[in-house]
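Below: one structure, written as structure tokens.
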Amino acid sequence: MSRIGKQPIKLRDKTSVNVSGRTVTVEGPKGKLSFELPACVAVSQQDRKLAVTCDTFESNAKHRALYGMARSMLNNMIIGVSDGFRRQLEIQGVGYRGQCSGKRLTISLGYSHPVEFVVPEGISLAMPDNTHIVIEGIDKQLVGQVAATIRGFRPPDAYKGKGIRYQGEEISLKEGKTVG
């Protein structure tokens, strides 16, 4: 039984939801997002709350998963258009640094060439200094995917800890070879 799907979603101030057929459109101060509901899920709006319902979630495991997923997607859309999402990355290592100019991120990561990344639409990327990257946007999935792609250019090394990591991520370093 989906405990997440049963919870009502509270709409925030300055946020409006439009349900037309299977498409749900959420609009807020930061932008507009839309989501196509699965066939087994329905959404109804009462006052300033959204209720997600599914008739067959008790008998079908796939419908149970879709029920909770649809509720989480709608909740993330409402949070995204009102507050937005943010991920922060740190670049650690001697000589590792980055530079952001417009919609292009250039990072020096110890390779023979600089790594270039074109920022997709809907994402704003900033670098307060040359070793920190701030990724912001209204779509939680897109913000996380961009952060994971940038981190994938040079994941943290298990022996020295050099590379790109999420801010606050702790890396357990392996012990090197011992002589003797």
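Some observations on this one:
- Filtering the stretch 45-92 to residues that are at pLDDT below 85 and of a type in the set (F, W, Y) leaves only F57.
- Given (1) more than 30 Å from C40 (Cβ to Cβ); (2) more than 21 Å from the chain's Cα centre (by Cα); (3) surrounded by 12 or more Cβ atoms within 10 Å (Cβ to Cβ), number of the condition F117 does not satisfy: (2)
- Test: residue in the stretch 86-101 that is touching a strand residue (DSSP E or B) at 6+ places or on another chain (Cβ under 7 Å), of a type in the set (S, T, Y) and closer than 30 Å to P38 by Cα: no
- Positions within the stretch 125-144 being surrounded by 14 or more Cβ atoms within 10 Å (Cβ to Cβ) and of a type outside the set (V, I, T), in sequence order: L125, M127, N130, H132, E136, G137, D139, K140, L142, G144
- With respect to the conditions (1) over 18 Å from the mean Cα position of the chain (by Cα); (2) surrounded by 14 or more Cβ atoms within 10 Å (Cβ to Cβ), N76 falls short on a single one, namely (1).
- Any hit, the stretch 104-112, residues being more than 29 Å from T149 (Cα to Cα) and either surrounded by fewer than 16 Cβ atoms within 10 Å (Cβ to Cβ) or in contact with a strand residue (DSSP E or B) (Cβ under 7 Å, 6 or more places away or on another chain) (or both): no
- Answer residue from the stretch 123-148, given it is without any contact (Cβ under 8 Å) to a residue 40 or more places away in the chain and touching a Leu at 6+ places or on another chain (Cβ under 7 Å) and is farthest from Y166 (Cα to Cα) among those: I123
The values are calculated or read from the model by the stated rules, or taken from the named source; none is laboratory data. As the structure is a prediction and not an experimental result, all values here were calculated from the model. When we count neighbours, we look across all protein chains shown, and the Cβ atoms used for this are built from the backbone with ideal geometry, even at glycine.
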